[in-house]
Amino acid sequence: MNNPLYQFFTNDHRRIEKILEKAIADINNIKDEYYQEFRAGLLTHIKMEEKILFLEAQKANNNTPLPLAGELRLEHGAITSLMVPSPTADLIKVLKYVLEAHDLKEEKEGGMYEACESLTTNQTEELLEQLKNVTLTPIHPHNDAPIALEAAKRALLRAGFDYDKIVAEN
Ligand SMILES: [Fe+2]
Ligand SMILES: [Fe+2]
């Protein structure tokens, strides 16, 4: 199947997951160097989706947002807010749970990547070129004030995920 954009983004999911796995190999001693690499990779990935792939697909769709665009954007907001506090075992549990659900909506048959790819078939090369030239999103130091975690929990609720429930049930 000729689907280079699908391949590009799916490979990036797997690449980012591997960095996270290295960071949390010992959950009681999360390796900061890998975790910061993971954060930068994930935030850059979200930027590539929001600013390039999803945006160009929407333009090609008569400027009408694709059906999954709204919920994926809420999830991007939630995932981004989970990058703010320092990681804990609970936060990682929630993050992995949300990422798994999110990536599936993008990767599945009939999902977001497939929809975006078919809308942009006449500009695949141009998009791949833009994606290759994206600069790494700068990351800020963690904020461990309680308000940061509370903000993440609220962003998760808006996206349909209950942080405390996920922690308790998984
Ligand atoms: Fe995404
Ligand atoms: Fe993605």
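Each reported figure results from applying straightforward, stated rules to the coordinates on display, with no laboratory input. Everything numeric in this text was worked out from a predicted model, so none of it was measured. Please note: Cβ atoms are built from the backbone with ideal geometry, for glycine as well, and neighbour counts cover all protein chains shown.
Quick notes
- Principal-axis analysis of the Cα atoms of the chain puts helix 146-158 at an angle of about 40° to the longest axis.
- GLN58-ASN133 FRET efficiency (beta carbon distance; Förster radius 22 Å; 0.05 resolution): 0.60
- In this rough spin-label picture, where each label sits 7 Å from Cα along the Cβ direction, the HIS140-GLU71 distance is 3.0 nm.
- Counting only lysines at least 8 places from LYS51 when in the same chain, those with an alpha carbon closer than 23 Å to its own are LYS59, LYS105, LYS108, LYS132.
- Seen against the Cα atoms of the chain and their longest principal axis, helix 32-48 is set at about 30 degrees.
- Ranked for footprinting exposure by Cβ neighbours inside 10 Å, fewest first, ASP164, ASP103 give ASP164, ASP103.
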